[in-house]
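The values are calculated or read from the model by the stated rules, or taken from the named source; none is laboratory data. The model shown is predicted, which means the values in this text are computed figures rather than measured ones. Quick reminder, even Gly has a Cβ in these numbers, built from the backbone with ideal geometry, and neighbours come from all protein chains shown.
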Amino acid sequence: MRRTERLFLSMAGFLTLLTVWHLISRAGIFPPGLLPSPLTVAAAVRELWVRGVLLMSIADSLYRFTAGYALAVFLGVPFGLLTGWSRRLEAFVEPLLQTLRPISPIAWLPLAVLWFGIGNRPTIFIIFLAAFFPVTLSAIAAVKSVDPLLLRVAQNFGATPGQMLSKVVAPAAFPYLASGLHMALGTAWVFLVAGEMVGVRSGLGFLIIDGRNQVRYDLVMAAMVIIGLLGLSIDRLMRAVELLALGRFGARRS
Amino acid sequence: MLEIKPRVKIKVSSVSKQWSVAAGKQGLHEGQRFAALEDVSLEVYEGEFLCLLGPSGCGKTTLLNILAGFERPTSGSVLIDGAPVEKPHPRRITIFQEYALLPWRTVLGNVEFGLEMARVPKQQRRRKAKELLDLVGLTGAEGKMTWELSGGMRQRVAVARSLAVDPDVLFMDEPFGALDALTRIRMEEELVRIWLQKKKTIVFVTHDIDEAVYLADRIVVFTALPGRIREIIPASAGRPRDRTGFDFVRLREKVFAALSLGHKEAVEYYL
């Protein structure tokens, strides 16, 4: 498929969604105001822009998101690599991870506010939790995907455990890890709204709560649209970085 | 004529290896044991080019893995320079059929890998790696990524990487098995050239008769199930060998006879 064709089809997809949305809101299935039309929502986005709320919300949300996700990566990747490497550590840790993972990050919210107080930190914590488990688990799986022959080679050349981990396991696991990091990014973004429902008075998640409290469903949907489009941008950005890095780490071999 | 007795580099005494069948293997009971190697004794001389030849499943790769220290024998012992082999050692490097290059490193980075593990300073590493790339005929390919190379070139990188740490012994496990026939012949010629220059002890596993006949000082012929040494055939032909010459063809016939069962008389006649 050519680039232009792909672009055209994706535009057509968006247009279809907007049309269906518009028709449903005009059909009067829901009381007016409860399903604002795309045009109303566009006006609401404009309103947020004019009030100067839009950019500030995006900036606040992106800051919290980046902090939480980065924390998850910096802790989860080394932790996962070590856990995947050591059978003992894995036996010790894996059941714990699988127990904590199914607990929705939202469930931690009341405690997070008590522990971290009002401000950015509870939100960062929620996003950290949302990203930490998928990041760690994919790092564990990534270690197991490493070609055992490469380990043999390293062993043959007398690699110390430290050299083995840093010079062979980590780079060899990278392509697998990269796709795990990519998926975790999407998962964590989903929890942005939940993370900003308490403790903060800014951000895209807060806009949704605030819109509901004002009974302004056009503002609610405006925030939803922004969250969706930003999610798309983050995904595409990550994909570009991933492709770049995969080339560097030789995942394009043969 | 006075015969100089060569020094024994590797001494294999009554090595046996048994595998237990893992669950789910077809046609076999779980826990059933079978012998991959049975009572293998062998001496490899210093500087010798020894080929282990046999059909698949004859245990030649298992023996190589035991010599290299990747596996332990069920019974028997392996001594290299008089010391028992317990684990792999950088003085004895194994080269695999699958090249086992590090795809995230350049050609130069791959050749430097072993030196890096030995904490050789960077400048020295670089110099040594370039010298070996010249030796294997890859001058100018330093900056290439390994996936840009053909199979033959990849194996050259693996050979350069192995020689960079200046080992005494090279273990080669069907290193040219994945290459096309012509590339393979060229690689065999190159290997002999390098071996004549560097004088390493080489133990080379293959199931290709011509390859063994071209390369070896001695050919160890294996039989399968259980893996046993059937015969050790010395190759008196000089080097480089002429693949169409009389000596080559005669040696080839000996190996054929040793491999095909029921022609024992013919083999004895030749010997």
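Table: residues versus (1) within 14 Å of another protein chain (Cβ to nearest Cβ); (2) part of a loop (DSSP other than H, G, I, E, B); (3) modelled with pLDDT of 90 or more.
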| residue | (1), (2), (3) |
| --- | --- |
| A:184 | no, no, yes |
| A:194 | no, no, no |
| A:208 | no, no, yes |
| A:225 | no, no, yes |
| A:242 | no, no, no |
| A:246 | yes, no, no |
| A:252 | yes, yes, no |
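Applying the selection to region B:153-174, what residues are under 23 Å from residue B:57 (Cβ atoms) and in contact with a helix residue (DSSP H, G or I) (Cβ under 6 Å, 6 or more places away or on another chain)?
Here is the first cut: in region B:153-174, the ones under 23 Å from residue B:57 (Cβ atoms) are B:171-174.
If the condition is that a residue be under 23 Å from residue B:57 (Cβ atoms) and in contact with a helix residue (DSSP H, G or I) (Cβ under 6 Å, 6 or more places away or on another chain), then B:171, B:173 are the ones that fit.
Of everything in region B:86-99, what is under 18 Å from residue B:204 (Cβ atoms) and either touching a Gly at 6+ places or on another chain (Cβ under 7 Å) or not basic (Lys, Arg) (or both)? Give them in sequence order.
Step one: filter region B:86-99 for residues under 18 Å from residue B:204 (Cβ atoms), giving B:88, B:91-99.
Answer for region B:86-99, where residues must be under 18 Å from residue B:204 (Cβ atoms) and either touching a Gly at 6+ places or on another chain (Cβ under 7 Å) or not basic (Lys, Arg) (or both): B:88, B:93, B:94, B:95, B:96, B:97, B:98, B:99.
Which residues, counting only those in region A:57-74, are of a type in the set (A, V, I, L, M) and either closer than 14 Å to residue A:177 by Cα or in contact with a Phe, Trp or Tyr (Cβ under 6 Å, 6 or more places away or on another chain) (or both)? Spell out how you get there, then give the answer.
Residues of region A:57-74 that are of a type in the set (A, V, I, L, M), as a first pass: A:58-59, A:62, A:67, A:70-73.
Passing the criteria: A:71, A:72, A:73.
Looking at region A:72-91, which of its residues are among the aromatic types (Phe, Trp, Tyr) and either touching a Lys or Arg at 6+ places or on another chain (Cβ under 7 Å) or under 13 Å from residue A:140 (Cα atoms) (or both)?
Of everything in region A:72-91, those that are among the aromatic types (Phe, Trp, Tyr) and either touching a Lys or Arg at 6+ places or on another chain (Cβ under 7 Å) or under 13 Å from residue A:140 (Cα atoms) (or both) turn out to be A:79, A:85.
Kindly establish whether residue A:219 is within 30 Å of residue A:240 (Cβ to Cβ) and assigned to a helix (DSSP H, G or I).
Values: within 30 Å of residue A:240 (Cβ to Cβ): no; assigned to a helix (DSSP H, G or I): yes.
Spelling it out, it is not the case that residue A:219 is within 30 Å of residue A:240 (Cβ to Cβ) and assigned to a helix (DSSP H, G or I).
Look through region A:138-182, keep the residues that are within 7 Å of chain B (Cβ to nearest Cβ) and in a loop (DSSP other than H, G, I, E, B), and return whichever of them is surrounded by the most Cβ atoms within 10 Å (Cβ to Cβ).
This residue is A:157.
Would you call residue A:91 at pLDDT 90 or above, within 19 Å of residue A:230 (Cβ to Cβ) and among the small types (Gly, Ala, Ser)? Break it down into steps so the answer makes sense when it comes.
Numbers: at pLDDT 90 or above: yes; within 19 Å of residue A:230 (Cβ to Cβ): no; among the small types (Gly, Ala, Ser): yes.
No: the conditions fail for residue A:91.
Being within 11 Å of chain A (Cβ to nearest Cβ) and in contact (Cβ under 8 Å) with a residue 40 or more places away in the chain narrows it down to one of B:66, B:80, B:93, so name that one. Even if it seems obvious, please write down each step before you answer.
Numbers: B:66 fails: within 11 Å of chain A (Cβ to nearest Cβ); B:80 fails: within 11 Å of chain A (Cβ to nearest Cβ).
Every option except B:93 fails the conditions.
With the condition being touching a Pro at 6+ places or on another chain (Cβ under 6 Å) and more than 25 Å from residue A:233 (Cβ to Cβ), I'd like the helices (runs of 4 or more DSSP H) fully within region A:19-122 carrying at least 1 qualifying residues. Step through it out loud before you land on a result.
Values: elements: A:38-50, A:53-85, A:87-100, A:109-116.
Because the criterion is at least 1 residues that are touching a Pro at 6+ places or on another chain (Cβ under 6 Å) and more than 25 Å from residue A:233 (Cβ to Cβ), the helices (runs of 4 or more DSSP H) in region A:19-122 that meet it are A:109-116.
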